[in-house]
Each structure stands twice: as C-alpha cells, then as structure tokens.
Amino acid sequence: MSEQDTGEVSTVEITYFDGTKRMTDIVDREVPYPDGKLIVSRTDPQGFITHANQAFIDMSGYSEDELIGTNHYILRHPDMPAVAFKGLWDTIEQGTKWHGYVKNLRKDGAYYWVKATVIPNIRNGKLVGYTSVRRKPSRSKIEESEALYKTLMAEE
Amino acid sequence: MTYNLTVSPDFAPDHISGWYFFNTWLQRKLDVGIHLELYDNFDTQRSDIRADKFDLIYANPYDASMLVREMGFQAVVRPASKSDETVIAVNAESPFQTVEDLSSGCRVATTDDPDVHTMGMIMLESADLDKNNTAIKEYSSYVVVAKNLLNGDADAGFFLKDAYDELSELIRSKMRVLVSSQISVVHHSLLVGPRMAEHIPAIQAALLTMQEDEKGKGVLESMDIDNWEPMDSEQTEFMIDLIDTLID
C-alpha cells in the first residue's frame, strides 16, 4: 500500500474517449496486487469485455455479470492520462504487443497498480479481439509511473 | 505407418512407466503403430520437434505455441484439473520472507523448463529483478535446484509446483515457498500433428472415455492424471495468446 494514501473520498466526473461520462467516488486507497496471480481479460475489437478471470473479478470489485459486455474503460482511473491509452490503442491497432504500467479504478473507488500487456488476437488472419494480462509491478516502477502520469496530466 | 510420440520432459521420473503404458494402450485403441521417445532435456527435444520428427506430443504450454502456430498441430485434450504453476522457494533458514526481499545480484537456480523459468522471472519483477541483475544458473533437474538451495549456493529456486510437491518431505522441510503462481489457465496438452490428423476423432473419443475403461483407468493413475478434458482450437489459441503476453 502506498505510504501517501490518505483514504480521502472525492466525487469526480470521468469522461471516456467516446464521450460517455459517469460520476463516481474515488477513494485514495491502494489495494495491493495479489502475489502469484495474473489478471486476465479479453475484449472484442471495440474494447467490450468478453472474458474475465477470477483474479480480475476479485481485484476490480465487479461481478462477472457486471464486467462481461462492459467497455474495459470502466477501469480507467482519473489519474491516468488519456495519452497513455492513446499509446495503447495506437500500438495494438498496428497488431503489436503493448506493455505499460496502469493505475486501475475499482468499483469501490479504491485503486490498484498493474503491469499490463495487451496483444491482438488474430484468428485466420482476422482481428477478433484483444487479450490483456496484468501482473504485479515493482514499487519503483509504480513511483516512476505516478510521476510521469502527473506530468502528462498537467499537460492535458 | 508408425507414428512418433514424445512427452514434455517435465514430468516426474516416477511416471516414466506410465507413458509407456499409455503408448501401448493408445496403439491398441487406434490400431496403429506408435513409437514413444522420451527426453531428459528440453533443448534436444525441441530440436527434434523442429526437425518434424513427431506426430503426437504431450507438450508444455510454451512448446504448444510453436506446435500450433508454426507446425500445424492441433490440441485435442488436456489433463483435467491440472494446471502448470510455478513456485519460487528459498532455503528455510534464509532471511527472505517475500519476493521483494530479494535484491540485485540474487543467485537464482532454475531448469531448462521454459514455462517455469518464464513465470519465475515474471514473479521476480516485483523486486525489480531481471536477467540483467541476477545470477541465473540452469540445472538439470528440480532435485538439483533444491540441492543448490539447501547448500546455500542459490538464494532462490524456480520449481514446477507439481515437481516441488513431489520432492521428498525431508528436502521440502528444509525449504520455504516465497510465492506460488495461481494462473490456472496455463497447462499441458496433447497435440496431434498434420500427418496424424485423420486419427483426431478416434484419439479424442478414446481419451475422453479412458477413465471408464478398466485398463485405461490404471494407465491414467500411473501417469498421475485423473482424466482428460477436450480442448478446442479457441481454448488452445487463448492459452497461446496468454503465453505470448508473458514473453518479452
């Protein structure tokens, strides 16, 4: 857990890239990434979730029914700069693998950090979706990412 | 025509005879000749696989990727409720309590098992450790990895969880598990190559009812497999995609 966590709750409006907005509570509390687990999800080419493993359900705080059919951006934390996700989409739409550190928003408003890898799923030469696998990041990478994302957010 | 079968070298030595029984059982069921060839290391086996020597392979997930995407193999069954998990263990007396206690220069004992090594390295990432700041030594078996931990010649060792659990109680009592993976969707599978593809329906039918056949049940026990579950191409592709995300 981050030493800087205050536990403070704030209500924010999040605007997603497609113009959708939602009001949500954000809690400044980190939920530690579970040792030895991988969070696995798959989406269709538009980013709607088609598969969620148990670690994803446990860490996101949503039920499987709530996750399936929902856009993956439901996990986007307002501290994440839009440019980070633009980089992700630009990379995977070219058919290549993307790695990055991401601060994810849980249903209860708390957050968790992951090292994420996303790859396109190609079947018979056609893109059918994406697989995202998240693993435990190191504390130093989280700190580097926090600093970088703060700078990027300030520029947005 | 005689076909060729091989088995990923990461099974416990106690089950070698089980694979010979399996081969005999399968030949009778299919009424075809099958030659079984076993290896004690991954590299030699992989070069023979690449030389297109085999038609039937009980493969680890890492090799399944190459077999399906590069060589046209199809996964037909997987062992039920048996996934490939990795353990990072230390000497019981060592000061390390979590992975994050390991630091740069850490001595890691591993084997040539590609899945276990990959997952072991991934679990070290949370301590900012990678191949550039660790001293990695590859050993011929998990027993030798354990010996290095017990002798104090390694700080951490990577094990296939099944292999760790099969080490003697005495050896395990002198080690401590720092972390054990819980991935559950990465597992071995039996793959059939293009030359043997016409037998896929018969292979699947025989294996999926193997536990109902008295002889088959005994063979499964000797291989430490409860029963087989079907694998379709999408399940296989999903596992391969997942493995791809873990390889940099």
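The values are calculated or read from the model by the stated rules, or taken from the named source; none is laboratory data. Only a predicted model underlies this, so the values are computations on that prediction, with no experimental measurement involved. Don't worry about glycine lacking a Cβ; one is built from the backbone with ideal geometry, like all the others, and counts go over all protein chains shown. Please note that ligands, DNA and RNA were not included when accessible areas were found on the heavy atoms of the full protein model with its side chains. Shrake-Rupley method; radii C 1.70, N 1.55, O 1.52, S 1.80 Å.
On the stretch given as region A:11-35, residues that are more than 10 Å from chain B (Cβ to nearest Cβ) and either of a type outside the set (A, V, I, L, M) or not in a strand (DSSP E or B) (or both) total 17. Determine whether region B:152-161 contains at least one residue that is in the same structural domain as B:Asp130 (by TED's automatic domain parsing), out of contact with any Leu (no Cβ under 8 Å at 6 or more places or on another chain) and surrounded by fewer than 16 Cβ atoms within 10 Å (Cβ to Cβ). Checked against the condition, which is being in the same structural domain as B:Asp130 (by TED's automatic domain parsing), out of contact with any Leu (no Cβ under 8 Å at 6 or more places or on another chain) and surrounded by fewer than 16 Cβ atoms within 10 Å (Cβ to Cβ), region B:152-161 yields at least one hit.
Identify all residues within region B:182-199 that are under 16 Å from B:Met1 (Cα atoms) and either of a type in the set (A, V, I, L, M, F, W, C) or in a helix (DSSP H, G or I) (or both); write none if there are none.
Our first condition is that a residue be under 16 Å from B:Met1 (Cα atoms); within region B:182-199, this holds for B:192-199.
Listed by number, the residues that qualify are B:Val192, B:Pro194, B:Arg195, B:Met196, B:Ala197, B:Glu198, B:His199.
Among all positions in region A:142-155, there is at least one residue which is open to solvent by less than 70 Å² (accessible area, probe 1.4 Å) and within 14 Å of another protein chain (Cβ to nearest Cβ). Residues that are open to solvent by 20 Å² or more (accessible area, probe 1.4 Å) and in contact with a Pro (Cβ under 9 Å, 6 or more places away or on another chain) were ranked within region A:121-141; the one that is nearest to the other protein chains (Cβ to nearest Cβ) is A:Lys136. Evaluation of B:Leu167 against the conditions (1) at pLDDT below 95; (2) assigned to a helix (DSSP H, G or I); (3) of a type outside the set (Phe, Trp, Tyr) shows that the sole unmet condition is (2). Residue count for region A:88-113, restricted to those that are open to solvent by 20 Å² or more (accessible area, probe 1.4 Å) and part of a loop (DSSP other than H, G, I, E, B): 7. Looking across region A:114-142, the residues that are closer than 26 Å to B:Gly72 by Cβ, in a strand (DSSP E or B) and not β-branched (Val, Ile, Thr) come down to A:Pro120, A:Asn121, A:Arg123, A:Lys126, A:Leu127, A:Gly129, A:Tyr130. Taking the criterion of being at pLDDT below 95 and more than 14 Å from every other protein chain (Cβ to nearest Cβ), the residues of region A:86-107 that qualify are A:Lys86, A:Gly87, A:Trp89, A:Asp90, A:Glu93, A:Gln94. Within the bounds of region A:36-43, is there any residue that is without any contact (Cβ under 8 Å) to a residue 24 or more places away in the chain, away from every other protein chain (no Cβ under 14 Å) and touching a strand residue (DSSP E or B) at 6+ places or on another chain (Cβ under 8 Å)? No, every residue in region A:36-43 fails to be without any contact (Cβ under 8 Å) to a residue 24 or more places away in the chain, away from every other protein chain (no Cβ under 14 Å) and touching a strand residue (DSSP E or B) at 6+ places or on another chain (Cβ under 8 Å). Report whether or not A:Ile49 is away from chain B (no Cβ under 14 Å), at pLDDT 95 or above, in a strand (DSSP E or B) and open to solvent by less than 20 Å² (accessible area, probe 1.4 Å). Yes, satisfied. Taken over region A:52-71, the residue count meeting the criterion of being of a type outside the set (A, V, I, L, M), more than 14 Å from chain B (Cβ to nearest Cβ) and surrounded by fewer than 19 Cβ atoms within 10 Å (Cβ to Cβ) is 8.
Being surrounded by fewer than 18 Cβ atoms within 10 Å (Cβ to Cβ) and either away from chain A (no Cβ under 14 Å) or at positive phi (or both) is a condition met by at least one residue of region B:119-128. For B:Leu191, the conditions (1) away from chain A (no Cβ under 14 Å); (2) in contact with a Pro (Cβ under 8 Å, 6 or more places away or on another chain) are fulfilled apart from (2).
Please determine, by comparing only the residues of region B:238-248 that are in contact (Cβ under 8 Å) with a residue 40 or more places away in the chain and open to solvent by 40 Å² or more (accessible area, probe 1.4 Å), which one is nearest to the other protein chains (Cβ to nearest Cβ). Filtering region B:238-248 for residues that are in contact (Cβ under 8 Å) with a residue 40 or more places away in the chain and open to solvent by 40 Å² or more (accessible area, probe 1.4 Å), the one nearest to the other protein chains (Cβ to nearest Cβ) comes out as B:Asp244. Among residues of region B:214-234 that are farther than 22 Å from B:Phe73 by Cα, those with a Cβ under 8 angstrom from a residue that is open to solvent by 80 Å² or more (accessible area, probe 1.4 Å) and in a loop (DSSP other than H, G, I, E, B), sequence gap 6+ or separate chain, pair up as B:Leu220/B:Asp226; B:Asp226/B:Ser81. Just to verify a result, which residue in region B:91-118, among those that are of a type in the set (Asp, Glu) and open to solvent by less than 50 Å² (accessible area, probe 1.4 Å), is nearest to the other protein chains (Cβ to nearest Cβ)? That would be B:Asp115.
Taken as a whole, the condition of being more than 21 Å from B:Asn41 (Cα to Cα) and either in a helix (DSSP H, G or I) or hydroxyl-bearing (Ser, Thr, Tyr) (or both) applies to B:Leu220.
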